[in-house]
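Below you'll find the structure, written out as structure tokens, and then a few comments.
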Amino acid sequence: MSSVYRVAFASLVCSFALSSSGCKKDGHAAAPSAAPAAEGAHAPAGVKPGSHEDWCVEHDVPESQCTRCNKELVAAFKATGDWCSSHEVPESHCVACDPSRKKVRPPKVAAP
Ligand SMILES: [Zn+2]
Ligand SMILES: [Zn+2]
């Protein structure tokens, strides 16, 4: 009956791992709440626009639309008339003018 012993040992190891670093496949995404950490505050290059990963935590807008991180986007917003000159952000992003414009980060899509 060595297999029974092995299962018991494995679960013991797992519970020990849970208490220390977490018994998860993806330990990197262990924290569900957005912490104002330097790492992960800005989206890496090449993320899908509109996805959970496409998010500027610092400015609370999609990274692909963040004019404060990417000044090259400013002209495009100004060209469409979507610009708040008093706050230097797109009018559609300007929570200083209208708090209801606050963007909501898209939910994370679980990888298969
Ligand atoms: Zn930003
Ligand atoms: Zn404004």
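The values are calculated or read from the model by the stated rules, or taken from the named source; none is laboratory data. As the structure is a prediction and not an experimental result, all values here were calculated from the model. We place every Cβ from the backbone using ideal geometry, glycine too, and count neighbours over all the protein chains shown.
Of the residues making up region 56-91, those that are of a type in the set (A, V, I, L, M) and assigned to a helix (DSSP H, G or I) are L73, V74, A75, A76, A79. Looking only at residues of region 91-108 that are more than 9 Å from ligand 2 (Cβ to nearest atom), surrounded by 15 or more Cβ atoms within 10 Å (Cβ to Cβ) and under 12 Å from H59 (Cα atoms), we find that the one that is nearest to the chain's Cα centre (by Cα) is R105.
Does K71 fit the bill of being away from ligand 1 (no atom under 14 Å from the Cβ), over 20 Å from the mean Cα position of the chain (by Cα) and basic (K, R)? Let's see the steps before the verdict.
Working: away from ligand 1 (no atom under 14 Å from the Cβ): no; over 20 Å from the mean Cα position of the chain (by Cα): yes; basic (K, R): yes.
So K71 does not fit the description; no.
Sub-8 Å Cβ pairs linking a first residue in region 53-64 that is farther than 16 Å from S92 by Cβ to a second residue that is of a type in the set (D, E, K, R) and part of a strand (DSSP E or B), at least 6 apart or interchain, number zero. Taking first residues from region 82-96 that are modelled with pLDDT of 95 or more and partners that are assigned to a strand (DSSP E or B) and within 9 Å of ligand 2 (Cβ to nearest atom), the Cβ contacts under 6 Å between residues at least 6 apart in sequence or on separate chains come to E91/C84; C94/C84.
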